[in-house]
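The values are calculated or read from the model by the stated rules, or taken from the named source; none is laboratory data. As the structure is a computational prediction, the values presented were derived from the model and not from experiment. Neighbour counts run over all protein chains shown; Cβ positions are idealised from the backbone, glycine included. The protein model used for the area step is the full one, side chains on, heavy atoms only, and it has no ligands, DNA or RNA in it. Shrake-Rupley method; radii C 1.70, N 1.55, O 1.52, S 1.80 Å.
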Amino acid sequence: MGFHFVDLIVIAAIGLALFGPKALQSMARSAGKGVGQAKSMKDKVMSEIPLEEITKITDQIPQVPLNSRQAIQMLLTPEPAEKVETLQETKEE
């Protein structure tokens, strides 16, 4: 769905007619600052997430095949010995 270039021009023309050039310019500047702040907050949150721990946890979760091709491939591919041992240890506990 998304906007086409012509749609954006029509929206900009309506905004210019309703609010005037100075108000439209200040709204665009405020929107740009807001997007910049959102990006910096996202980067800050992403830097604080312990990605190594999350990847260890997701490696322990068994994968569910999404289609028949993946199911057959998972059946034919042997699991690594380390993963089998950790799964057996967790089942014993």
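Structure data summary
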| read-out | value |
| --- | --- |
| Any hit, segment 8-20, residues being open to solvent by less than 90 Å² (accessible area, probe 1.4 Å), in contact with a helix residue (DSSP H, G or I) (Cβ under 7 Å, 6 or more places away or on another chain), assigned to a helix (DSSP H, G or I) and at pLDDT below 90 | yes |
| Residue, modelled with the lowest pLDDT, within segment 21-30, restricted to residues that are open to solvent by less than 60 Å² (accessible area, probe 1.4 Å) and not hydroxyl-bearing (Ser, Thr, Tyr) | Leu24 |
